[in-house]
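To start, the structure under review is shown below, and the notes come after it.
The values are calculated or read from the model by the stated rules, or taken from the named source; none is laboratory data. Keep in mind the model is a prediction, meaning the values are calculated, not measured. As a convention, Cβ positions derive from the backbone with ideal geometry for all residues, glycine included, and neighbour counts pool all protein chains shown. Areas reflect the complete protein model, heavy atoms only, side chains present, ligands, DNA and RNA absent. Shrake-Rupley method; radii C 1.70, N 1.55, O 1.52, S 1.80 Å.
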Amino acid sequence: MSHDLTPVPELYVSYESSQKMKLEAAELTSHDLTPRQICDLELLMNGGFNPLKGFLSQADYESVVDTLRLADGTLWPMPITLDVSEGFAETVELGQDIALRDQEGVILATMTVTDKWVPNKAHEAEKVFGADDSAHPAVNYLHNTAGAVYLGGPITGIQQPVHYDFRARRDTPNELRAYFRKVGWRKVVAFQTRNPLHRAHQELTFRAAKEAQANLLIHPVVGMTKPGDIDHFTRVRCYEAVLDQYPSSTTTMSLLNLAMRMAGPREAVWHGLIRKNHGCTHFIVGRDHAGPGKNSAGEDFYGPYDAQDLFREHQEEMGIEMVDFKHMVYVQDRAQYEPADEILDKDDVTILNISGTELRRRLSEGLEIPEWFSFPAVVDELRKTRPPRAEQGFTVFFTGYSGSGKSTVANALMVKLMEMGGRPVTLLDGDIVRKNLSSELGFSKEHRDLNIRRIGYVASEITKNGGIAICAPIAPYATTRRAVREDVEQFGAFIEVHVATSIEECERRDRKGLYKLARAGKIKEFTGISDPYDVPENPELRLETESVPVDNCAHQVILKLESLGLIKA
Ligand code: PPS
């Protein structure tokens, strides 16, 4: 395949025009871009999504969804759409120019709106992601985050999104093309990744480059990856550590601000087109490329080699060649990595492997990670981000009726944890929060949700910073508790403790005299009397307080924390 390193078309105007446009665009109706849209816009403007000239029109969108091609027949597998709310869409007329702003309000581009339509999201999910199943992160995004209306139209680029991190490691397609021209790289194989690189990856990329007789571009995604992935700051530090392991004149690394969709086969073809735009001639596609994990029935969304098959089918047209990923394993007897399918004496040698799950377990328990598996500098970085569980922050979230004993047990737990020492402990009791954080709120569903989300936010910050948050609100609604769990679990463990004192017992105790007032109708929307309480279905712990003393309840929580490895026995 010939290597054409002439620049790809960009959508930016000249610097002089951009200064003028910026002033004019300030008058336009503006749309505040979401983090995903900022990633898409950057690659539209810098030619990473060449030949797209803007967010897709309705005709292009429908054609891409159904046929993987733009309306004019050009191969393009992924719908790049500008989703907005119904309210915003109503303010926009066809033919109108709108300003696209980043999250700080900086105008990055203008768009002439040529199309406005309500997409059939279920159809998009089925066709693009293979199933209308919210277990798929992009389907979940489509239904629960993306706006209801799509706008399409050409873009005029004013400036690149600003990045404060790793600036020297970010390159536009034309910057990479210019670099390859300068250093005389005629063949370049790109390696896409959203994970840290260990020795097996280093071996496989090195071999892929040798096989294709090409130079190597490590091209990790730092835009948006799969929820739960290791953050890109940690990953880039890890990549930098691995880079030293390659002969320096053969390999380079550049960061790609792509928002992944985890769309398996379609994503692989999309990734290939993006790398072609970045001046690469070859692209490594592995087993289950850009796989989204399991569907809601516990099965894989795509077959393990679907991505390779679709790529192979289109590679001629794409102008970039696939190098299939070799599954590398460590052969202890020979102290080296070898492609699994090339080992002829499998039964006579010891093959070692550490899976992703096993690696996470070893990190969380502070166990040894052998040098044959990874590089010490990479392991050091990972240990800093993922310290052993006994050193991470966590949240204990008590829920139960008013008067169930939440505060009493929470206080006892706090004191026991403080006695042990090691991590700061904060108690976010229902009453304390309502006094300090939520003093303007009442007890409507909306206000209770807001109150619990605030508690969740504070608890997640405490957890992120390595502390222990103990929360003790009523938190009557299961959906809100789940949202708080998701907030916290980005940073550490979330232990839901249902204080299961019955409503009859709480009313009998009536320690604050509130039940009497609620029965008399003097307090409205009282949980358990005139407002619902969703009993937690799968809490980490359920406390039966009626026959067990407080001290013992708190001890049960301590035992649970020990069994989870969060505190040391
Ligand atoms: S919630 O639903 O989680 O936001 O409630 P929370 O912030 O935990 O506040 C509950 C405390 O407020 C008192 N109180 C009421 N509780 C329930 N329903 C109504 N309508 C109500 N009005 C006042 C009550 O004393 C709760 O305190 P605890 O500590 O739970 O007994």
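The local environment of residue 127, defined by Cβ-Cβ distances under 12 Å, has a net charge of -3 under the rule Lys, Arg +1 and Asp, Glu -1. Ligands, DNA and RNA aside, residue 464 has an accessible area near 100 Å² when probed at 1.4 Å. Please list the helices of the chain that count as membrane-span-like by this rule: a mean Kyte-Doolittle hydropathy of at least -1.0 together with Cα atoms stretching 24 Å or more along the helix axis, each helix being a complete DSSP H run. Within the chain the helices that satisfy the rule are 445-464. Solvent-accessible area of the chain (1.4 angstrom probe, protein heavy atoms only): carbon and sulfur portion equals 49 percent.
Here the dipole of the chain is about 1580 debye; that uses its Cα centre as origin and unit charges on the Cβ of Lys and Arg (positive) and Asp and Glu (negative). Under 13 Å from a label point set 7 Å out along the Cα-to-Cβ vector of residue 59, the amide N atoms of region 69-112 belong to 70-74. If only the Cβ of Lys and Arg carry +1 and only the Cβ of Asp and Glu carry -1, the dipole of region 15-157 around its Cα centre is close to 260 debye. Between residue 12 and 157, the built amide H atoms are under 5 Å apart, and every one of these is 5 or more places off in sequence or on another chain. Only one residue of 272, 163, 110 has its Cα farthest out toward the positive end of the dipole of the chain, where Lys and Arg carry +1 and Asp and Glu -1 on Cβ, and that residue is 163.
Would region 15-157 count as rounded, prolate or oblate if I go by the C-alpha gyration tensor, calling it rounded below 1.5 in a/c and otherwise prolate when a/b exceeds b/c, oblate otherwise? Prolate, since a/c reaches 1.5 and a/b exceeds b/c.
Rounded, prolate or oblate, given the Cα gyration tensor of region 425-569, with a/c below 1.5 counting as rounded? Because a/c hits 1.5 or more and a/b fails to exceed b/c, region 425-569 counts as oblate.
Remark on residue 224: its backbone amide H falls under 5 Å from those of 258, 259, 260, a criterion applied only to residues 5 or more positions apart or on other chains, H modelled at 1.01 Å from N. Enter the Cα centre distance for the pair region 215-238 and region 450-499, rounded to the nearest angstrom. Between the Cα centre of region 215-238 and that of region 450-499, the gap is 28 Å. Counting only protein chain heavy atoms and rolling a 1.4 Å probe, the accessible areas of 431, 83 rank, largest first, as 431, 83. Using only Cα positions of region 110-208, each an equal point scatterer, no hydration layer, compute I(q)/I(0) via Debye at q = 0.10, 0.18, 0.19, 0.21 Å⁻¹ and quote the log10 values to two decimals. Summing over Cα pairs of region 110-208 leads to -0.58, -1.10, -1.09, -1.08. Fully extending the segment from residue 145 to residue 287, taken as 0.36 nm per residue of separation minus the present Cα-Cα distance, adds 48.2 nm. Take every DSSP beta bridge whose two residues both sit in region 112-254; close to 25 percent of them are antiparallel. For the chain, the relative contact order is 11 percent, taking Cα pairs closer than 8 Å that sit 6 or more residues apart in sequence and dividing their mean separation by the residue count. When DSSP beta bridges are limited to those with both residues in the chain, what percentage is antiparallel, rounded to the nearest 5? Here the share of antiparallel DSSP bridges comes out near 35 percent. Among the protein heavy atoms, those of residue 207 account for about 80 Å² of accessible surface (1.4 Å probe, every chain in place).
If R0 is taken as 25 Å, the Cβ-Cβ distance between residue 90 and residue 440 corresponds to a FRET efficiency of 0.20. Ordered by solvent-accessible area of protein heavy atoms (1.4 Å probe), largest first, the residues 252, 67 come out as 67, 252.
Taking other residues whose beta carbon is less than 9 angstrom from the beta carbon of residue 110, and scoring Lys, Arg as +1 and Asp, Glu as -1, yields -2.
Rolling a 1.4 Å probe over the protein heavy atoms gives the chain an accessible area of 45 Å² per residue. Phi-derived couplings, Karplus 6.51 cos²θ - 1.76 cosθ + 1.60 at θ = phi - 60°, listed residue by residue for region 157-171: x, 9, 8, 6, x, 7, 10, 9, 9, 6, 4, 5, 9, 9, 9 Hz, with x used for Gly and Pro. Using bins of 5 Å that start at zero, the share of Cα-Cα pairs per bin across region 504-569 amounts to 4, 14, 16, 17, 16, 14, 10, 6, 3, 1, in whole %. Between residue 380 and residue 123, the contour length at 0.36 nm per residue exceeds the alpha carbon distance by 88.0 nm. Converting the Cα gyration tensor eigenvalues of region 217-313 into ellipsoid dimensions via √(5λ) gives semi-axes, longest first, of 25, 18, 12 Å. Residues whose amide H falls under 5 Å from that of residue 71, counting only those 5 or more places apart or on a different chain, are 60, with hydrogens built in the peptide plane. Rounded, prolate or oblate for the chain? Axes are the square roots of the Cα gyration tensor eigenvalues, ordered a ≥ b ≥ c, and the cut-off for rounded is a/c under 1.5. It comes out oblate by the Cα gyration axes.
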